[in-house]
Amino acid sequence: MVIGDLMDEDIKKRWWIFPGFKIETMVTGLDLPVNIAFVPKPTDNPDAPLLYVTELYGNIKAITNDWNVHTYAENLLNYEPNYEFPGTGESGVTGICVEPGTGDLFVSMIYEDEGNIKNKLVRTKSKNGLKMDSIETIIEDIPSIKAAHQIQAVSVGFDGKLYVNLGEGMINPEVAQDDTELRGKVLRMDLDGNIPEDNPDPKSPIYAKGFRNPFGAVWRESDKSLYISDNGPAYDDRVAKVEPGKNYGWPESMRKNSLFWTHLSQGITALDFMQNEEFPFEYDNELFVAFFGGAYVKGPGVKGKMIVKMKVNKDTSGVNSFDVFVRYTGENAASPCGIAFGPGGLYFTDLHGEGNGQTHTPSGNLFKVSSIIKAEGEILVPYTKENTDRCLCPGCPTRNECMGNRNERLFCAGGKTDCDPEKKGCLCGECPVQGEYGLVDFYYCAEGAAKK
């Protein structure tokens, strides 16, 4: 079912959103939606695929530019899942990415083989991008269990190689340090599964080791590097920049070579950088991370149930800011799981949705978070870094502490503040932005943006 462009009072009751942004429901009725993968270069055809969503228990949905939902693949699991959260219902079909050159999908999942649970990665092909025509296995026969810690994110790097996150399987965590084991590793392969000659070990697909349950993966344009999320035991969930040949410490440590970690486990899932102008310029290169929380917790919850944004240090030694960006405030088991930037904003799934995720009722959603500044159409002054740098707001006598703490500026473009300012004088008449655009009003901070 398609919703699209919706920000009603019901959504506001269930989701808190960072100031300056809005949240919309794009698709509902998904069955345990996990991860999102956008088509790298979508066309303008309304019937063409825009993105894909993995559904945990064996399906992949293709969503077109007109926000219609198609079943790309179904019944990918060869066993019957049981909806036990937490427990053996947590595994299935998880990671997904689109191969830029062909539009093929790489999909990660577990399967049953003579009573044993194993990991595999497949490649699917489709003539129209809406229905799978063929499937081939890229790598398989890697031990796993039906309780997370399975094969997770899959991505194609800037080098055109295939990168795969593998959990250590939970039962024997020491395999994360065993170079003869693929569990607890990030793998690097050619798109056909062969081992590249320039791998750290040219005879092994292992790119880096020492991971516990590396759920998410994203490539950062500015340093051409891979970043992953990794879940700790009861503590030390983390984000790490993955470099060839490095050891990331598990099972002895979840902090080794990490740029961020939590003292209390938050169930970190997917992550993505804002790097293609989906949000205003001041969010450029910020990292957005889904904190899922417990496997099945109703209501806001003590842990997780939010998306946070972080500024990564220039030397990638850590992060220097941390803000809650989206938080679930409803009464059900919904929680952010998969996230990805796409046209006009940040998109995320909520896995269980507003229904009871243990009753086999598809009630998961796909949401879009977009900037109110960028979304409003009739703004005369562009909200750009250049205009913000020329703005006189920091010296304005009306600007109060609340506005300063929020770093609010350029109100003639962004609109009035929520800080309830008292009019104490205005510098707008002296501002070069106002002169350039021929604006005649004052007190944009209190009365609203200049519009055509």
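The values are calculated or read from the model by the stated rules, or taken from the named source; none is laboratory data. Just so you know, these numbers come straight off a predicted model, no measurement behind them. Here the Cβ is made from the backbone with ideal geometry for all residues, glycine too, and neighbour counts use every protein chain on show.
Cβ-Cβ distances below 8 Å connect the following pairs, each with a first residue in the stretch 435-447 that is farther than 14 Å from Ala413 by Cβ, a second residue that is surrounded by 11 or more Cβ atoms within 10 Å (Cβ to Cβ) and hydrophobic (A, V, I, L, M, F, W, C), and a separation of six or more residues or different chains: Phe442/Cys426; Phe442/Cys428; Tyr443/Cys426; Tyr443/Cys428. Of all residues in the stretch 52-66, those satisfying the criterion of being crowded, with 18+ Cβ neighbours inside 10 Å and assigned to a loop (DSSP other than H, G, I, E, B) are Leu56, Tyr57, Gly58. Of the residues in the stretch 201-210, at least one is over 23 Å from Ala290 (Cβ atoms), in the same structural domain as Asp236 (by TED's automatic domain parsing) and among the small types (Gly, Ala, Ser). In the stretch 9-23, the condition of being surrounded by fewer than 22 Cβ atoms within 10 Å (Cβ to Cβ), more than 27 Å from Gly293 (Cβ to Cβ) and either at pLDDT 95 or above or of a type in the set (Phe, Trp, Tyr) (or both) is met by no residue. Can we say Ala147 is modelled with pLDDT under 95 and either polar (S, T, N, Q) or surrounded by 18 or more Cβ atoms within 10 Å (Cβ to Cβ) (or both)? Yes; evaluated as a whole, the condition is true for this residue. Would you point out the residue of the stretch 268-287, among those that are more than 16 Å from Arg238 (Cβ to Cβ) and part of a strand (DSSP E or B), that is nearest to the chain's Cα centre (by Cα)? Among those residues, the one meeting the criterion is Asp272.
Close Cβ contacts (under 8 Å, 6 or more residues apart or on different chains) running from residues in the stretch 271-283 that are over 18 Å from Gly338 (Cα atoms) to residues that are among the basic types (Lys, Arg) and part of a strand (DSSP E or B) comprise Tyr283/Lys309. Quick check, is Lys423 of a type outside the set (S, T, N, Q) and either over 33 Å from the mean Cα position of the chain (by Cα) or part of a loop (DSSP other than H, G, I, E, B) (or both)? For Lys423, the condition - of a type outside the set (S, T, N, Q) and either over 33 Å from the mean Cα position of the chain (by Cα) or part of a loop (DSSP other than H, G, I, E, B) (or both) - is met.
One line per residue, one yes/no per condition, for (1) within 16 Å of Glu24 (Cα to Cα); (2) in the same structural domain as Pro280 (by TED's automatic domain parsing); (3) part of a loop (DSSP other than H, G, I, E, B):
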site	(1), (2), (3)
Phe322	no, yes, no
Ala333	no, yes, yes
Thr361	no, yes, yes
Leu366	yes, yes, no
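Would you call Val107 at pLDDT 95 or above, within 19 Å of the chain's Cα centre (by Cα), crowded, with 16+ Cβ neighbours inside 10 Å and under 14 Å from Phe215 (Cβ atoms)? Considered against the rule, which asks whether it is at pLDDT 95 or above, within 19 Å of the chain's Cα centre (by Cα), crowded, with 16+ Cβ neighbours inside 10 Å and under 14 Å from Phe215 (Cβ atoms), Val107 comes out as no. In the stretch 71-93, is there at least one residue being part of a strand (DSSP E or B), modelled with pLDDT of 95 or more and surrounded by fewer than 22 Cβ atoms within 10 Å (Cβ to Cβ)? The answer is yes, given that some residue of the stretch 71-93 is part of a strand (DSSP E or B), modelled with pLDDT of 95 or more and surrounded by fewer than 22 Cβ atoms within 10 Å (Cβ to Cβ). For the residues Lys127, Lys131, the requirement of being assigned to a loop (DSSP other than H, G, I, E, B), free of Cβ contacts under 8 Å to residues at least 12 places away in the same chain and either within 15 Å of Tyr52 (Cβ to Cβ) or assigned by TED's automatic domain parsing to the domain that holds Asp66 (or both) singles out Lys127. In the stretch 163-186, of all residues being hydrophobic (A, V, I, L, M, F, W, C) and not in a strand (DSSP E or B), the one that is surrounded by the fewest Cβ atoms within 10 Å (Cβ to Cβ) corresponds to Ile171. Does any residue of the stretch 149-166 turn out to be in the same structural domain as Ala234 (by TED's automatic domain parsing), within 14 Å of Gly210 (Cβ to Cβ) and without any contact (Cβ under 8 Å) to a residue 60 or more places away in the chain? Looking for residues that are in the same structural domain as Ala234 (by TED's automatic domain parsing), within 14 Å of Gly210 (Cβ to Cβ) and without any contact (Cβ under 8 Å) to a residue 60 or more places away in the chain, one finds at least one in the stretch 149-166, hence yes.
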